[in-house]
């Protein structure tokens, strides 16, 4: 009886053991199945951030169809434009630059998706303290954030922090460490990428432009954007870092002759586990066409004179999308 009982109990004991192992195996497989998609979701989560950049403008009529600019950039990207003007009076209703007085159209830019204004022009200081204050107030009222003149900002998107700062060339001459200090301060604030906007004058030589842009690159900027030289648009690669050393203009004054081509630059930052994988730039050449008293931006094809001018002023081959790998650049 004892033997029979023992023989009977033995398989029951093994059965319970097998069931326990089977349950553990099922739990392990379930955990793997559950963790797999989560891991893949993290790996495939958005790692790209971007913005579009436009040059300065000598005027912006109320008849300008700024919605037409959406053909030149990703609709999810906010815009940065270069303000070449200062506010002229306390009503904030008019702006002034070196070419005359034009209606204030900052709200048009805001509605078109622009969120940042580079105030690094030499004309910006013409108004001294009151003009600078009124300009910043006018920008804020339209939901536009100033970049430059001591102002910088951090934009958070898709889990990444992009820092934007700007420096006038004249301020750099007076204080050569200004660019380095501002770029490094943004990295200390936890920024994953830095865009440094530099404002030239028409007297700034190509050699001075290159030296100053190199300082921003060495400080840790991942993209350098220049404006105000009065020259045609151009794109350089300095130590593997993209430098739009001259953005050109967004829109030209009516009747202006011998003007440079208009470009809009769409920027894509792609991130990996250890930081930036690459910076991708898609330049868009545009022609403004007036029809029924309305200005509309129309794309220029890649074989036109505008693209030839851009190539002449660049030290890399210009394509519809240009890829700048990290090349070992490290945050300071």
- Note on the structure: Expressed in angstrom and ordered largest first, the alpha-carbon extents of segment 48-325 along the principal axes are 51, 45, 38
- Message: Translational diffusion coefficient of segment 180-233 at 25 °C, 0.890 mPa s, Stokes-Einstein with Kirkwood Rh over Cα pairs, in µm²/s as a whole number.
- Response: 209
- Item | Packing-based order for 193-199, 182-188, 305-311, using average beta carbon neighbours within 10 Å, highest first | 193-199, 182-188, 305-311
- Task: Multiply the residue gap between residue 107 and residue 277 by 0.36 nm, knock off their C-alpha separation, and tell me the result in nm, one decimal place.
- Result: 57.7 nm
- Message: For a quick check: sort 160, 70 by the number of other beta carbons within 10 angstrom, fewest at the front.
- Response: 70, 160
- Item | Fewest-first ranking of 57, 322, using other Cβ atoms within 10 Å as the exposure measure | 322, 57
- By Cβ neighbour count within 10 Å, fewest first, 206, 136 rank 206, 136
- Highest mean packing first, using Cβ neighbours within 10 angstrom, the peptides 147-154, 60-67 sort as 147-154, 60-67
- Query: residue 218 to residue 158: FRET efficiency via 1/(1 + (r/R0)^6), r the Cβ-Cβ distance, R0 25 Å, to the nearest 0.05?
  - Reply: 0.35
- Compute the Cα gyration tensor for segment 210-321, then decide on rounded, prolate or oblate, letting a ≥ b ≥ c be the square roots of its eigenvalues: rounded whenever a/c is under 1.5, prolate when a/b is larger than b/c in the other cases, and oblate in all that remain. prolate
- Message: If R₀ is 56 angstrom, what is the calculated FRET efficiency for the pair residue 207 and residue 133, using the beta carbon separation as r and rounding to 0.05?
- Response: 0.95
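Since every read-out is calculated from the coordinates, none of them should be taken as a lab result. Everything quoted here is computed from the prediction, not taken from an experiment. Cβ coordinates were reconstructed from backbone atoms using ideal geometry, including for glycine residues, and neighbour counts include every protein chain displayed.
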